[in-house]
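FYI, it's all coordinate maths here, none of it is from the lab. Please read all numbers here as calculations on a predicted model, not as lab measurements. Here the Cβ positions follow ideal geometry from the backbone for every residue, glycine too, while neighbour counts run over all protein chains shown.
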Amino acid sequence: MIVLILGMPLVLGAQQAPPKGEHWAVVIGAKHERRQYAAADAQAMYQMLVGPMGLKKANVVLLADPSERKPTLHNIKWALGTFLRRSAKRDDSVYFFFAGQGGAEAGVKYLMFQDSDPKDLHSTALPMDGLRTIFSYIEAERIVAFIDANYSGAVGDSTSASKGDGADPWKEGESPERLAQSSRQAFIVSSRPNE
């Protein structure tokens with residue numbers, strides 16, 4: 001039997017070689033009036049990555065209060081588009097964790113940050129389909145994203161995100177084997193595109 005674990009196929013009962021390469025991560029906790037625990041969630045994820053998972057501290061960027069770097073749009077774009085894109089190589093694994101608020105404007109779904117303006121998301125937030133675009137420029141073999149925000153299902157499929165029709169971004173009955181073979185990215189999200 002094959003199941004999908006952190007974006008990689010795993011054959012149960014068989015010996016698996018650990019993934020080759022380095023492990024990289026960006027962890028974001030964007031506190032919001034409706035998401036008071038986002039920073040604490042990000043801190044807990046960071047501690048798990050550099051603790052039990054054994055990632056090097058230099059390979060993990062934490063953007064949350066009270067860390068050195070704040071969860072602003074500029075810092076998020078630097079962490080994803082510069083740090084990860086330049087650091088992660090083909091045999092590497094990348095982990096992305098976001099806890100915070102999502103928003104919608106003119107049918108487009110966004111991830112919101114410390115400096116996002118709910119009345120001007122186009123200029124101050126990151127479109128969820130833009131996150132997939134950024135990931136497409138990262139060379140790493142495996143990319144796993146955990147997104148805990150409303151509308152987060154929109155990151156899985158930009159067409160259903162823009163339509164807002166509530167369609168599930170993953171087809172019903174899609175086998176783990178097919179998902180593992182068809183994509184090097186796995187998204188674990190807390191809601192559907194319209195929630």
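Taking a ≥ b ≥ c as the square roots of the eigenvalues of the Cα gyration tensor, an a/c ratio of 1.5 or more together with a/b no larger than b/c marks the range 30-75 as oblate.
Placing +1 at every Lys and Arg Cβ and -1 at every Asp and Glu Cβ, with all other atoms neutral, what dipole size does the range 35-98 have around its Cα centre, in debye to the nearest 20? Don't skip to the answer; put the middle values down first.
On the way: 10 positive and 5 negative charges, 57 e Å.
Dipole of the range 35-98, to the nearest 20 debye: 280 debye.
Cross-link pairs exceeding 28 Å in C-alpha to C-alpha distance, out of Lys70/Lys109; Lys20/Lys70; Lys31/Lys89, comprise Lys20/Lys70; Lys31/Lys89. In terms of the Cα gyration tensor, with a ≥ b ≥ c the square roots of its eigenvalues, is the range 43-100 rounded because a/c is under 1.5, prolate because a/b exceeds b/c, or oblate? It comes out oblate by the Cα gyration axes.
According to the square roots a ≥ b ≥ c of the eigenvalues of the Cα gyration tensor, what is the shape class of the range 32-155, taking rounded for a/c under 1.5, prolate for a/b larger than b/c otherwise, and oblate for the remainder?
Working: a/c = 1.86, a/b = 1.31, b/c = 1.42.
Here the range 32-155 falls in the oblate category.
Were the residues from Met48 through Phe83 laid out at 0.36 nm apart, the gain over their Cα-Cα distance would be 10.6 nm. Mind checking the log10 I(q)/I(0) for the range 84-147 at q = 0.14, 0.18, 0.29 Å⁻¹? Debye, one equal scatterer per Cα, no solvent, two decimals. Debye intensities relative to I(0), on a log10 scale: -0.46, -0.70, -1.18.
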